[in-house]
């Protein structure tokens, strides 16, 4: 019980990747052609229905074909689960299995809300409990994987920690784009990332030393300013951030060195130059 209280379940990994993709695989896999729930032969029709949906401006990502489902982002999987799937699957999927799918949608939809009264939380828990129970009956007992089982605990974590989106891995997904360029080979990946981040801090010290050195030519100082995010002004810096640039005083330039260093410079340093 102590571990259950201290750990939380990631909505992005468990539900969106672990369950949504898993159930779709059962519905569309060629090996289930003889099953009542098989809809793989209608994938082209379902994709057409999905792509024909007219979205409001508040939706940032347009849906992609179901053929690319394995490459969808977590946000796309969330939109599919909560908004698109029932409308797309309704004409094709067996009503019993569609009802089973809506239990999952209803439970997750309540737990994704910003707040919930006890009655709604109880309803969400009942829906997810029934979904797990029927999973073994409608598909097979062996189809109740660990990810499916963990759905039974989501309402508990909502009562302790709030909406399940508040402690999901969504916030970290975008950081993969920053980490990926730090890796240049197949082996010793952790050491590569650590070395490159060390070079980031080393480059910060080198930049400060070069700019403070009166013997360094002005052209060299101008080059290092442009490579590390410094502006031409001697009084301000320009830090590249998401969505634009952040201007600060020189004294604050070390506050977030990782946003100041151009990735291409880091790669050059990692390839052999020492600081």
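Being modelled with pLDDT under 80, farther than 30 Å from residue 134 by Cβ and in contact with a strand residue (DSSP E or B) (Cβ under 7 Å, 6 or more places away or on another chain): is that true of residue 229 here?
yes
Select from region 116-149 the residues that are buried (at least 19 other Cβ atoms within 10 Å of the Cβ) and under 22 Å from the mean Cα position of the chain (by Cα) and list them in ascending order.
Scanning region 116-149 gives a single hit, 148.
Among the candidates 154, 128, 182, which residue alone is under 15 Å from residue 106 (Cα atoms) and touching a residue at least 40 places away in the same chain (Cβ under 8 Å)? Lay out the reasoning, then the answer.
Numbers: 128 fails: touching a residue at least 40 places away in the same chain (Cβ under 8 Å); 182 fails: under 15 Å from residue 106 (Cα atoms).
When all the criteria are applied, what remains is 154.
Residues checked against (1) modelled with pLDDT under 85; (2) within 16 Å of residue 81 (Cβ to Cβ); (3) in the same structural domain as residue 14 (by TED's automatic domain parsing):
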| position | (1), (2), (3) |
| --- | --- |
| 137 | no, no, yes |
| 149 | no, no, yes |
| 161 | yes, no, yes |
| 165 | yes, yes, yes |
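Output yes when any residue across region 69-80 is at pLDDT below 95, surrounded by fewer than 14 Cβ atoms within 10 Å (Cβ to Cβ) and farther than 24 Å from residue 156 by Cα, and no when none is.
We begin by selecting, within region 69-80, every residue at pLDDT below 95; these are 69-80.
Then drop every residue that is not surrounded by fewer than 14 Cβ atoms within 10 Å (Cβ to Cβ), which leaves 70-71.
In the following step, the residues that additionally are farther than 24 Å from residue 156 by Cα were identified as 70-71.
Yes, that holds for at least one residue.
When only residues in region 34-58 that are closer than 14 Å to residue 87 by Cβ and out of contact with any helix residue (DSSP H, G or I) (no Cβ under 7 Å at 6 or more places or on another chain) count, which is surrounded by the fewest Cβ atoms within 10 Å (Cβ to Cβ)?
Looking only at region 34-58, we keep the residues that are closer than 14 Å to residue 87 by Cβ, and these are 45-55.
Cutting the leftovers down to out of contact with any helix residue (DSSP H, G or I) (no Cβ under 7 Å at 6 or more places or on another chain) gives us 45, 48, 51-52, 54-55.
Values: 45: 14, 48: 13, 51: 13, 52: 9, 54: 4, 55: 13.
That would be 54.
Would you mind stating whether residue 78 is over 20 Å from residue 165 (Cβ atoms) and assigned by TED's automatic domain parsing to the domain that holds residue 53? Don't jump to the end; show me each part of the working.
On the way: over 20 Å from residue 165 (Cβ atoms): no; assigned by TED's automatic domain parsing to the domain that holds residue 53: yes.
No, not satisfied.
The values are calculated or read from the model by the stated rules, or taken from the named source; none is laboratory data. For clarity, every value in this text was computed on a predicted model and none was experimentally measured. Heads up, the Cβs are rebuilt from the backbone with ideal geometry, glycines too, and the neighbour counts pull from every protein chain shown.
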